[in-house]
1. Using 7 Å Cα-to-Cβ label points, what is the residue 635/residue 709 separation (nm, one decimal)?
2. Between residue 561 and residue 229, what is 0.36 nm times their sequence separation minus the Cα-Cα distance? Round to one decimal in nm.
3. Would you mind listing how long segment 616-764 runs along its three principal axes, going by Cα atoms, in whole Å with the largest first?
4. Between residue 117 and residue 410, what is the spin-label point distance in nm, taking each point 7 Å from the Cα along the Cα→C-beta axis?
5. Of all the accessible heavy-atom surface of segment 44-89, with the other protein chains kept in place and a 1.4 Å probe, what percent is carbon and sulfur?
6. If you take the beta carbon distance between residue 680 and residue 752 as r and set R0 to 35 Å, what does 1/(1 + (r/R0)^6) give as a FRET efficiency, to the nearest 0.05?
7. To the nearest 0.05, how large is the calculated FRET efficiency for residue 504 and residue 546 if R₀ is 22 Å and r is the Cβ-Cβ distance?
8. Nearest 0.05, what FRET efficiency do residue 587 and residue 314 give at R0 = 30 Å with Cβ-Cβ as r?
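The values are calculated or read from the model by the stated rules, or taken from the named source; none is laboratory data. Quick caveat: nothing in here was measured; it's all calculated off a predicted structure. All Cβ positions, even for glycine, are placed from backbone atoms using ideal geometry, and neighbour counts span all protein chains on display. The area values use the complete protein model at the heavy-atom level, side chains included, leaving out ligands, DNA and RNA. Shrake-Rupley method; radii C 1.70, N 1.55, O 1.52, S 1.80 Å.
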Amino acid sequence: MRSVVLLLACLLLASPGWAQFAPATTTDHAAAVIAQAKSDVRPIAAELQTRDLSDGEIESRQALIPPIQARLAEVLANLTPRQDDLQARLTQLGSPPGPNQPREDPQTGQLRAEIAQRLATIKGEVAQARLLTLTLDQINGNLSDRLRENFAARLWTGTRSILDPALWGDFAAALPADIARLARAVAGEATQAAPLVESVRDLAVAALALLGGLVLVGPARVLLNRLGYRHAARAGGSARLRRHLLALWQVTVATLTPLLAGLLVRAALIDIGALTADANKVTALLVRVGVFAAFLAGLGRAVLSPGRPEWRLAPVPDDMVARLAPFPGLIGVTAALSAFVAGLNTILATSLGSRVASDCLTLFVELAAVGGALAAVGRARLARLAADASPGVAEPESRAPWFLATLAAWIALAATLVAVLVGYLALASFLMRETVWVGAVLASLSLLLRLADDLFPALLSPASPLGGALQSMVGLSRSSLEQLGVLLSGLARLLLLFVAWLAVLAPFGAGAGDLLGRVTASDFVVRLGLVAISPGALLGGLALFIAGLFITRAVSRWLEVRYLPKTDLDIGLRTSFAAGVTYLGAFIAILVAFAYLGLSLAQIALFASALSVGIGFGLQAIIGNFVSGLILLAERPIRVGDWIAIGDLEGDVRKISIRATEIEMTDRSRLIVPNSDLVTKTVRNVTHSAALGRVRLVLKVDAGADPAKVSDIILRRLRGHADVLDDPAPAVYMTDARDGALEFTAFGYLSSPRQAFAAKSDLLFQIVPDLKAAGVDMAGPPTTIHVVMESPKAAASSEK
């Protein structure tokens, strides 16, 4: 055994795989990387402890962290498998012999010692790399906290109000110095560009770049838009899809042409050295704000399509389009102006009075543009609602999203105005910037969601090349292709919603949670046992719960309207599935809200036990109906569309909700039945499990009629009726013979119980004339003779 171990050790030492664990190829490189990481991390950590950092300094320090973490991750990726291999080889060699055991071979002991030493070295390096990685994560978190603190300090720091006369006095006093500072910047740029005038090559580059930029924002943009209209008019497919694709093309052209023009001109000026450091920052800022303004203008033109109503996405008449069309571009220009002025003040380091005054003026201009747009949109919405209320409109839109979005925008504008008036300029700028940005994101999201709804079903249609290829190559049926298209559109909607959520939060940066920070940090705290809940937490939990319900409702509606109708499921199962998704989504929303409040499962159980006392006193019926509704959806003894009878009442099941079930009677009225009654009482489901309908005819004829002849007439009419099934076969029975009449009972089966009433009427209209034509008389009611017995006294009195 000892010789086998020695041979194995020699093979390990001689193998090429063992050479990779030599210190020269492992520990030296890892130690160098770890030492360099320590030297890079040390000054950052020291700065966090010793001084305050500006936003730019914090962002520059944060940019240093990912490369260090990447190098450490590479070291860990190399050392971890080697550590595991060394540990496995050490385990193969076994433990050293004890005092009373035979001595092992010296080479085996030396090999074990070397492996243990190298394993200890690698373990130390792995521990250091992991500790440094954790330290970098903590430093990155601290830097993010600093950014949030700086943002909160600016956000809630008051400045002078626009109504303060001293502000305008300081602005007037500082204006000459700021103008001189601007003049020096312009003079510096002129000095920088002056030698370039003598260079033919530099002048040619600048002229060509400027010409290319003008062509891009002018003729090229117009030509590309016309090509988009021409292609959309000639392309096949639905008109709705072509409108959305054209709108996306217009937005893309409107955004990319000024972007490419600005980058081209700026790259040319940088190449010839015509820009100073400040001019370089100004041109970059100008390109950025110009592209955003062009994006808003293009988005408004794509949605409203002025002058081309056949391509219009918004359901707005031409007169309202003429009023709304200028506002998207106007909002883009005012937002760009506000951002450019604020950035220019920062680049030129203007005085505080000039910054405050210019920011106030640009904010008021932006407020006026956004407020005017909201007012115009409100008038257009009222006109649309009036059109929806007129006869002939079959698909009115939901008013809730419009109402909530408009209300939120007006609240933001009001808060911005108040913040400007009381002197919180940073807060006002933040609110105004986010209002415009969120509006742009939501408008883009609406366009992309509609495009996703139309694009994937069209691409996977059997008539499309892709759908036809899938149908022929994979063997998918038409319904499967439709389901796949709807599923892909649903996944695209989820992805778009996620991206839009990130886009909405992106400009918040470090201040995403600081706007409600004052409320969250309030001393007013509600304590539930060991859990402290602040007003901010309550608002956040309520917001999450409402958002969860909204998402659940949207998913359930998407299932009911778009996806489930494409499947082969019956309407009852589709309704049950959608209702189950609704219940599950509401339950998840409650759990998420409780988790945000900091309530654990044990505390939720304690709360539920306390709630059970109230249930025992006053909510038994409600909880019973809720549980009964779940039973109805799970067992499905009654489904939507079934024809049921409860006592003397019967009708069609139209909706199974949480508390009750709606049954539509024959007169179109609705019967609301608690779910517990459907579970605990006797209910007849006429159409359950594809039940057959049955017609029962009872006919009485004169006793002198030929029974066989009567049976043949009735049976012939039953077999000849279009709705009567051949299997089970119709049958005629003579069920009685008394009082001078023969009674016949006939049965015929139909494919649905709903056909029974009409089929019975048709058969009676046919059989009765046939019997009369054959000389068979219908039996009338038996003659009844009433005999009245009177006493002798009564008879005598009647004679008198």
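1. My value for the distance between the label points is 5.5 nm.
2. 116.4 nm
3. Dimensions of segment 616-764 along the principal axes of its Cα atoms: 71, 33, 26 Å.
4. Result for the modelled spin labels: 8.2 nm.
5. 53
6. Here the calculated transfer efficiency is 0.75.
7. Efficiency at R0 = 22 Å is approximately 0.85.
8. 0.20
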